[in-house]
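S.K.: Supplied in structure tokens, the structure appears directly below.
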Amino acid sequence: MNPTIELKELEVQLGGRTILHGLTGVLKSRAIGLLGPNGAGKSTLINTLLGFHSPSKGSARVLGLDSHTSGKALRSLVGYMPENDAFISKMSGVRFVRYMAEISGLPREQAMERAHEAFVYVGLGEARYRPVGTYSLGMKQLAKLAQAIAHGPKVLILDEPTNGMDPPARKRLIELIREIREASDICLLLSSHLLRDVEETCDEVLILRNGQIASICNLVEERRANRKFLELETIGAEATFTSTLEGLGCECAVFTNGRIKVVMPDSVEIREVFKVAADRGVQIRRMNHRRDSLEDIFLNAMEQTGAADGRL
Amino acid sequence: MAVYKRRYNPYAGSLTPEWSRFFVLTRYAFADLFKSRFFVLLLILSLIPTLFFAGYIFIANNKTVQLLMQLRSSDFLAVESRYFILIMTVQTQVAFLLNCWVGPVSIAGDLTNGALPLFLSRPFSRTDYVLGKLAVLGLLLSAVTWVPCLLLFSLQSGLAKDGWIWSHLWMVVPIVLCSAIWILMLSLLSLAVSAWVKLRIVATGAIFILFYVPAGLGEMFNAIIGTHWGRLLNFSYMFRLILAKGFRDRTWFLITSDWNEIPVPVAWGVLIFVCLLSLVILNVRLRAREVVRG
């Protein structure tokens, strides 16, 4: 099976400046998040994947299709929701989506049907006959999502989808994105400044900094690994407690003041740690089920490639 | 993704052929145009001269009507090449006015709110986009230039009889060719202006300026230098020159000076150059993403 995105020494120059510096990486997950500070090259990467910019060196592939040489074939698989305003203000919402679906190749009747369905699906059913120019910012975002999904794409590219949305609208949009991802075999590429948006919807993250890959992180594996890592603060017989845990297959590291770090194998559950502690008369005063948040991963990536400038 | 189910379903139905998709733009543009009463009125008005020309042809070929109206055959301008030059001149000027109303908004509406990336992120190229927009103007301007002109030609052929059609069949070529270059130049020029200027009134003004200011500058140049090459900046004059040569008839309302002073291939070259320049402007302006240099 082709990876979702494959970058090989991808270099993109715009206006005489190199924006992307030889990106190389393979992203196999169905839902990929694109993170990075302002000016990191996220939008340039998306535009290159869509064939809007030609690589000066290297290549970018989406589902095995080269963005430069097979641009048209690739774009026939894509639904794109741009970051900035993108609509035809005088058209009614449903006509606008129908228009876009017809350009994607849907016959008139199907385009009409899908446009209505997409509008109702994103929650704008009541406003579908109003001109798009009269919509609020949040409604325009939803209209952009509707036009991106109406033709049933295989790859959905969302550039800052929650921009300008209030918290309930943002929550609803994130739920929609998750629903779309789960209801079909659609691949998702989501670029956002909001780490939470990416964390809630994506399985893999590509972090860019200054046009270079700072990190590629599989969030699913990261979550699985973190689930088995405990930090404990105990009072009592540490030695017997740790040796019993080691007998169960755990790895323990003992520090001062009763602090213990435990890495548990998959077969051991947390309740067994409590049971051992109770049996050995050890009080567990604090338990930190360590979970590397995406924020930690992002900040680590920023530190590895230079000081994080906190521009997120 | 049925409405009542409110869930997402991928599309698995048939797709239209890729080559035909540019016509979606044309269809939607026409639907929008015909919503405007002013446009419908303008279109009707632009076809009224054709009705007069048709009436004239009918009377010129009908002795009974001439008798009833107490007119003599010598009062009539013969329905020959000169008459068709007159029709073409009137209708191409009507086309110019129609183009000034329709052309300026054709691309500007998409650029104003950044809709272009939505078109170009689909299996739809910039060429398809320009073709779709060009087809709107092409069809519209055809409807007021060569189509009515050929209908009048057919009417005359039918009424004149006596083999008139065979002796005048050559006129079909200048009717179609001259209309084609005029339509192409007007359409591309107004699309280029529309891609550059977003306000309708400014864009319409820009089209008028492009036609009349260089012509005036050209005449000034002619007067100062004592040459005739300044007329190359007068696109309407270049078209009239092509028209007159195409119909092999020099008339007072077309060419006011020596009609051999500028060779016809040069006149064609000027109009083709304007078309190419417009295409270059469209190529620069129609980008999914603007790149800032520096």
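Coordinate-derived values only; no laboratory data. All of these numbers come straight from a predicted model, not from anything done at the bench. Cβ sites come from the backbone with ideal geometry, for glycine too, and all protein chains shown count toward neighbours.
S.K.: Can you tell me, using C-alpha contacts under 8 Å and at least 6 residues apart, the relative contact order of chain B as a whole percent?
M.R.: On the way: 280 pairs, mean separation 63.6, N = 294.
Normalised by residue count, the contact order of chain B is 22 percent.
S.K.: Between A:His193 and A:Thr69, what's the calculated FRET efficiency when r is the beta-carbon distance and R0 is 30 Å? Round to 0.05. Walk me through the intermediate numbers first.
M.R.: On the way: r = 32 Å, r/R0 = 1.06.
Plugging the Cβ-Cβ distance into 1/(1 + (r/R0)^6) gives 0.40.
S.K.: Determine, for each peptide in A:105-114, A:231-240, the mean count of other beta carbons within 10 angstrom over its residues, then list the peptides with the highest first. Mind showing how you got there, number by number?
M.R.: On the way: A:105-114: 19.1, A:231-240: 15.7.
Output ranking for A:105-114, A:231-240: A:105-114, A:231-240.
S.K.: Going by amide H atoms built from the backbone, whose H comes under 5 Å of the H on A:Leu20, apart from near neighbours?
M.R.: Counting only residues 5 or more places away or on other chains, the set is A:Val12.
S.K.: Going 7 Å from the Cα of A:Glu9 along its beta-carbon direction, which residues of the range A:64-90 have the amide nitrogen within less than 20 Å of the resulting point?
M.R.: Counting only backbone N, you get A:64-70.
S.K.: Mind listing the phi-derived Karplus ³J(HN,Hα) values for the range A:186-198, rounded to whole Hz, using 6.51, -1.76 and 1.60 with θ = phi - 60°, and x for any glycine or proline?
M.R.: Rounded to whole hertz, the list is 5, 9, 10, 10, 10, 9, 7, 8, 8, 4, 5, 4, 5.
S.K.: In addition: Taking a virtual spin label 7 Å from the Cα of A:Arg108 along the C-beta vector, which residues in the range B:11-53 bring their backbone nitrogen under 18 Å of it?
M.R.: Once the point is set 7 Å along Cα→Cβ of A:Arg108, B:14-35 turn out to lie under 18 Å by backbone N, inside the range B:11-53.
S.K.: For the protein assembly as shown, just say rounded, prolate or oblate: build the C-alpha gyration tensor, square-root its eigenvalues into a ≥ b ≥ c, call rounded for a/c under 1.5, and beyond that prolate if a/b exceeds b/c, oblate if not. It would help to have the intermediate numbers written out before the result.
M.R.: Numbers: a/c = 3.98, a/b = 2.78, b/c = 1.43.
Because a/c hits 1.5 or more and a/b exceeds b/c, the protein assembly as shown counts as prolate.
S.K.: What dipole magnitude, in Debye to the nearest 20, does chain A give about its Cα centre under +1 on Lys/Arg Cβ and -1 on Asp/Glu Cβ? Mind showing how you got there, number by number?
M.R.: Numbers: 40 positive and 39 negative charges, 153 e Å.
The dipole of chain A has a size of about 740 debye.
S.K.: Would you please classify the overall shape of the range B:14-77 from the alpha carbon gyration tensor, given that a ≥ b ≥ c denote the square roots of the eigenvalues, rounded means a/c under 1.5, and beyond that prolate means a/b larger than b/c while oblate covers the rest?
M.R.: On the way: a/c = 5.64, a/b = 2.86, b/c = 1.97.
In terms of gyration-tensor shape, prolate.
S.K.: Distance check, please: which entries in B:Lys63/B:Lys161; B:Lys35/B:Lys198; A:Lys42/B:Lys198; A:Lys90/A:Lys144; A:Lys154/B:Lys133 exceed 18 angstrom between their Cα atoms?
M.R.: Values: B:Lys63/B:Lys161 14 Å; B:Lys35/B:Lys198 21 Å; A:Lys42/B:Lys198 29 Å; A:Lys90/A:Lys144 15 Å; A:Lys154/B:Lys133 29 Å.
Violating the 18 Å limit, Cα to Cα: B:Lys35/B:Lys198; A:Lys42/B:Lys198; A:Lys154/B:Lys133.
S.K.: Within the range A:119-250, what percent of beta bridges assigned by DSSP are antiparallel, to the nearest 5?
M.R.: Details: 6 of 11 bridges.
Percentage antiparallel, nearest 5: 55.
S.K.: At a Förster distance of 35 Å, what's the computed FRET efficiency of A:Ala183 paired with B:Trp19, Cβ-Cβ distance as r, to 0.05? Walk me through the intermediate numbers first.
M.R.: Values: r = 33 Å, r/R0 = 0.93.
It comes to 0.60.
S.K.: Whole-Hz ³J(HN,Hα) for each residue in the range A:17-25, computed from phi via Karplus 6.51 cos²θ - 1.76 cosθ + 1.60 with θ = phi - 60°, x for glycine and proline: what do you get?
M.R.: Ordered by residue, 3J(HN,Hα) equals 10, 7, 9, 10, 9, x, 6, 9, x Hz.
S.K.: With runs of 4+ DSSP H residues as the only contributors, calculate the mean residue ellipticity of chain B at 222 nm using -39,500 (n - 2.57) per run, divided by the residue total and rounded to the nearest 500. Intermediate results must be reported in sequence, preceding the final value.
M.R.: On the way: 13 runs with 202 residues, N = 294.
That comes out to -22500 deg cm²/dmol.
S.K.: On the principal axes of its Cα set, how long, how wide and how thick is the range A:228-289? Give whole Å, largest value first.
M.R.: The Cα atoms of the range A:228-289 stretch 27, 20, 16 Å along the principal axes, largest first.
S.K.: Moving on. What residues qualify as long-range amide H neighbours of A:Gly33, i.e. H under 5 Å apart, gap of 5 or more or another chain, H built at 1.01 Å from N?
M.R.: Amide H neighbours of A:Gly33: A:Leu190, A:Asp203, A:Glu204, A:Val205, A:Leu206.
S.K.: State the antiparallel share, in %, of DSSP beta bridges confined to the protein assembly as shown, rounding to the nearest 5.
M.R.: Numbers: 36 of 53 bridges.
So the antiparallel bridges amount to about 70 percent of the total.
S.K.: Next question. Would you calculate the volume per residue, in Å³, of the smallest convex hull containing every Cα atom of chain A? Present the calculation step by step, with values, prior to reporting the outcome.
M.R.: Numbers: hull volume 51.8 nm³, N = 312.
About 166 Å³ per residue, rounded to a whole number.
S.K.: I've got another one for you. In nanometres, what is the gap between the two model label sites at B:Ala143 and B:Asn62, each 7 Å from Cα along Cα-to-Cβ?
M.R.: 2.7 nm
S.K.: Taking 0.36 nm per residue of sequence separation and subtracting the Cα-Cα distance, how much length would be gained by fully extending the chain between A:Arg285 and A:Thr134, in nm to one decimal?
M.R.: Numbers: separation 151, 0.36 × 151 = 54.36 nm, distance 5.74 nm.
Contour length minus Cα-Cα distance gives 48.6 nm.
S.K.: If you average the sequence gap of Cα pairs under 8 Å that are 6 or more apart and divide by the length of chain A, what percent do you get for the contact order? Please report the intermediate quantities before stating the final value.
M.R.: On the way: 589 pairs, mean separation 58.1, N = 312.
It rounds to 19 percent for chain A.
S.K.: DSSP beta bridges in chain A, what fraction antiparallel, as a percent rounded to 5? Write down the numbers at each step before the final one.
M.R.: Working: 36 of 53 bridges.
Bridges in chain A that DSSP calls antiparallel: roughly 70 percent.
S.K.: Let me ask you something else. Considering the options B:Val24, B:Ile175, B:Ile87, tell which one lies farthest towards the positive end of the dipole of chain B, charges being +1 on Lys and Arg and -1 on Asp and Glu at the Cβ, about the Cα centre.
M.R.: Highest projection toward the positive end goes to B:Val24.
S.K.: Mean residue ellipticity at 222 nm from the helices of chain A, using -39,500 (n - 2.57) per DSSP H segment of n ≥ 4 over the full residue count, to the nearest 500 deg cm²/dmol? Spell out each step's value before the answer.
M.R.: Details: 11 runs with 115 residues, N = 312.
So the helix-based figure for chain A works out to -11000 deg cm²/dmol.
S.K.: Another one. Determine the sum of side-chain charges near A:Arg170: Lys and Arg each +1, Asp and Glu each -1, restricted to other residues whose C-beta is under 11 angstrom from that of A:Arg170. Don't skip to the end; give the middle numbers.
M.R.: Values: positive: A:Lys171, A:Arg172, A:Arg196; negative: A:Asp166, A:Glu175, A:Asp197, A:Glu200.
Residues close to A:Arg170 contribute a combined charge of -1.
S.K.: Charges at C-beta only: +1 for Lys and Arg, -1 for Asp and Glu. How large is the resulting dipole of the range B:106-206 about its Cα centre, in Debye rounded to 20? Could the numbers behind the result be given before it?
M.R.: Numbers: 6 positive and 3 negative charges, 52 e Å.
Dipole of the range B:106-206, to the nearest 20 debye: 240 debye.
S.K.: Can you work out ³J(HN,Hα) from phi for every residue in the range B:124-140, in order, using Karplus 6.51 cos²θ - 1.76 cosθ + 1.60 and θ = phi - 60°, giving whole Hz and x for Gly and Pro?
M.R.: Result, rounded to whole Hz: 8, 8, 5, 5, 4, 4, 5, 4, x, 6, 5, 5, 4, 5, x, 5, 5.
S.K.: Would chain B count as rounded, prolate or oblate if I go by the C-alpha gyration tensor, calling it rounded below 1.5 in a/c and otherwise prolate when a/b exceeds b/c, oblate otherwise?
M.R.: oblate
S.K.: Here is a follow-up. Would you be so kind as to identify which of A:Thr134, A:Leu35, A:Ile5 lies farthest towards the positive end of the dipole of the protein assembly as shown, taking Lys and Arg as +1 and Asp and Glu as -1 on Cβ and the Cα centre as origin?
M.R.: A:Thr134
S.K.: What angle do you read, to the nearest 10 degrees and between 0 and 90, between the alpha-carbon axis of helix B:81-106 and the longest principal axis of chain B?
M.R.: 20 degrees
S.K.: Taking the Cα centre of chain B as the origin and placing charges on Cβ (Lys, Arg +1; Asp, Glu -1), which of B:Tyr129, B:Ser142, B:Gly269 is farthest toward the positive end of the dipole?
M.R.: B:Tyr129
S.K.: Which residue fluctuates most in the GNM of chain A (Cα springs below 10 Å): A:Arg271, A:Arg95, A:Arg61?
M.R.: Most flexible of the set in this elastic network: A:Arg271.
S.K.: Going by alpha carbons, how many degrees (0 to 90, nearest 10) lie between the helix axis of B:235-246 and the longest principal axis of chain B?
M.R.: Its long axis makes an angle of about 50 degrees.
S.K.: With chain B treated as a Gaussian network of Cα nodes joined by springs under 10 Å, which of B:Ala160, B:Ala203, B:Ala31 yields the largest mean-square fluctuation?
M.R.: B:Ala31
S.K.: Using a 7 Å offset from the Cα along the Cα-to-Cβ direction at both A:Glu221 and A:Asn38, what is the distance between the two label points in nm, to one decimal?
M.R.: Placing both labels 7 Å beyond Cα along the Cβ direction yields 3.4 nm.
S.K.: Non-local amide H neighbours of A:Glu160 (under 5 Å, H modeled in plane, Pro and chain starts lacking H): which ones?
M.R.: The answer is A:Ser191, A:Ser192.
S.K.: Within a 10 angstrom radius of each residue's Cβ in A:85-92, how many Cβ atoms of other chains show up on average? Whole number is fine.
M.R.: Values: counts 4, 9, 6, 9, 4, 5, 4, 0.
The shielding value for this peptide is 5.
S.K.: Something else now. With r defined as the distance between the Cβ atoms of B:Val284 and A:Arg259 and R0 fixed at 41 Å, what FRET efficiency is calculated, to the nearest 0.05?
M.R.: Step by step, r from the Cβ atoms, then E = 0.05.
S.K.: A further question follows. Mean-square fluctuation check for chain A, GNM, Cα pairs under 10 Å: which of A:Thr244, A:Thr201, A:Thr256 is largest?
M.R.: A:Thr256
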